[in-house]
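The values are calculated or read from the model by the stated rules, or taken from the named source; none is laboratory data. Model, not experiment: these values are computed from the prediction. For neighbour counting, all protein chains shown are included, and Cβ atoms are generated from backbone atoms with ideal geometry for every residue, glycine included. For accessibility, only protein heavy atoms count, side chains too; no ligands or nucleic acids. Shrake-Rupley method; radii C 1.70, N 1.55, O 1.52, S 1.80 Å.
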Amino acid sequence: LIHYLRPDATGAPRPTLVITNGSDASISDVWSTIAAGALARGWNAFVYDGPGQQSMLFDHGTHFRPDWEAVLTPVLDGLLARPDVRADQLAGYGLSQAGYWLPRALAFEHRLAAAVVDPGVVDVSTSWTEHLSKGMIRQLRAGDRKPFNQAMALATHLPGLARTLRYRSRPYRHTDWFDLYRTVSEYRLEPALAARIETPLLITDPQGEQFWPGQSTTLARLVPDAELAHFTAAQGADLHCQPLGRLLTESRVFDWLEERLGLSESVHPGAAAGTR
């Protein structure tokens, strides 16, 4: 499922935001998160389900993959063939787990003029392994499948935990617990890959990040041309993806993007930037 959204029907070449969703949100969620803000500022917005996301999982049976460059590159190929997309004003936005996927793709794909991740993620697996005992982590690293699966079988006697894990694991394909956790551990941005990112990158860093605390700062240290955008509880913009501070997030994201893309004035419907 893909949607290409334009602020009007003129077909004028415009800046375009390519929006990569997270692990389990729907495209309709992305509308209020960032896409509506893009259109209000005179941008095009492209939203899509990638492998393992919503329609691609439930209707087509595809699964997550760590090498998101295999997804982003054909998306950009299609967009850059459109006359209403400014090739020099093409930007990316990655939400939640796409805070890993988008930087991973940017290590190989250099055609975006700027990108934002909300927040930054260098190791997806920590949100899974933080709930394991030290013994289970040792088993996982040592390849001790049987005792690890036995411990997981015991833990999943708790109905709520079992439901959550089944839901969260479905996009990763595996039903064996050991294989699942080993697969999730592949979703890691190594320093050598991060150093290959040439795209200017803005990384949100909300106070109280629940899933990947501290990883925005880590990513900012690894990527050569990266900046942090801090958000706080005092601003009403703390926690994962600043759920109560989306207007503030949107304002800071587009101010930064428009500066990076060389837009000297705000790009709103009817503004001259839409026909430059």
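When residues in region 83-108 are screened for being under 15 Å from the mean Cα position of the chain (by Cα) and either surrounded by fewer than 22 Cβ atoms within 10 Å (Cβ to Cβ) or of a type in the set (Lys, Arg) (or both), 2 of them pass. Pairs meeting the criteria (first residue in region 153-179 and under 22 Å from Asp49 (Cβ atoms), second residue outside any helix (DSSP H, G or I) and open to solvent by less than 50 Å² (accessible area, probe 1.4 Å), beta carbons under 6 Å, at least 6 apart or on different chains) are Pro171/Gly52; Pro171/His63; Pro171/Phe64; Tyr172/Phe64; Arg173/His63.
Each residue in region 197-213 was checked for being out of contact with any Asp or Glu (no Cβ under 6 Å at 6 or more places or on another chain) and either of a type in the set (Asp, Glu) or more than 16 Å from Ala98 (Cα to Cα) (or both), and 3 of them qualify. In region 154-173, the residue that is least open to solvent (accessible area, probe 1.4 Å) out of those that are assigned to a helix (DSSP H, G or I) and farther than 16 Å from Trp128 by Cα is Pro159.
Residues that are out of contact with any Lys or Arg (no Cβ under 6 Å at 6 or more places or on another chain) and under 25 Å from Val30 (Cα atoms): which helices (runs of 4 or more DSSP H) entirely in region 89-151 hold 2 or more of them? Quick ask: steps written out before the conclusion?
On the way: elements: 98-106, 126-129, 134-142.
Helices (runs of 4 or more DSSP H) meeting the threshold: 98-106, 126-129.
Is it the case that region 51-60 has a residue that's open to solvent by 10 Å² or more (accessible area, probe 1.4 Å), assigned to a helix (DSSP H, G or I), in contact (Cβ under 8 Å) with a residue 12 or more places away in the chain and in contact with a Pro (Cβ under 7 Å, 6 or more places away or on another chain)? Among the residues of region 51-60, at least one is open to solvent by 10 Å² or more (accessible area, probe 1.4 Å), assigned to a helix (DSSP H, G or I), in contact (Cβ under 8 Å) with a residue 12 or more places away in the chain and in contact with a Pro (Cβ under 7 Å, 6 or more places away or on another chain), which makes the answer yes.
For region 183-228, which positions are modelled with pLDDT under 95, among the acidic types (Asp, Glu) and open to solvent by 70 Å² or more (accessible area, probe 1.4 Å)? Result: no residue meets the conditions. So which residues in region 141-152 are surrounded by 11 or more Cβ atoms within 10 Å (Cβ to Cβ) and either touching a residue at least 40 places away in the same chain (Cβ under 8 Å) or over 17 Å from Thr183 (Cβ atoms) (or both)? Within region 141-152, Pro147, Gln150, Ala151 meet the criteria.
Among the small types (Gly, Ala, Ser) and open to solvent by 50 Å² or more (accessible area, probe 1.4 Å): does that describe Ala115?
On the way: among the small types (Gly, Ala, Ser): yes; open to solvent by 50 Å² or more (accessible area, probe 1.4 Å): no.
When the stated conditions are applied, Ala115 does not pass them.
For region 188-216, the candidate set comprises residues that are under 16 Å from the mean Cα position of the chain (by Cα) and polar (S, T, N, Q); within that set, the residue that is farthest from Asp123 (Cα to Cα) is Thr199.
Every residue, every condition in (1) buried (at least 18 other Cβ atoms within 10 Å of the Cβ); (2) part of a loop (DSSP other than H, G, I, E, B); (3) at positive phi, yes or no:
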position: Gly11; (1), (2), (3): no, yes, yes
position: Val18; (1), (2), (3): yes, no, no
position: Asp24; (1), (2), (3): no, yes, no
position: Asp29; (1), (2), (3): no, no, no
position: Gly42; (1), (2), (3): yes, yes, yes
position: Val47; (1), (2), (3): yes, no, no
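Is it the case that region 263-270 has a residue that's open to solvent by 70 Å² or more (accessible area, probe 1.4 Å) and modelled with pLDDT of 95 or more? The answer is no, given that none of the residues of region 263-270 is open to solvent by 70 Å² or more (accessible area, probe 1.4 Å) and modelled with pLDDT of 95 or more. Applying the set (1) within 22 Å of Tyr100 (Cβ to Cβ); (2) at pLDDT 95 or above to Glu258 leaves exactly one unmet item: (1).
Pairs linking a residue in region 220-233 that is in contact (Cβ under 8 Å) with a residue 12 or more places away in the chain to a residue that is part of a strand (DSSP E or B) and open to solvent by 50 Å² or more (accessible area, probe 1.4 Å), with Cβ atoms under 9 Å and 6 or more positions apart or on different chains, are Ala220/Glu227; Ala220/Leu228.
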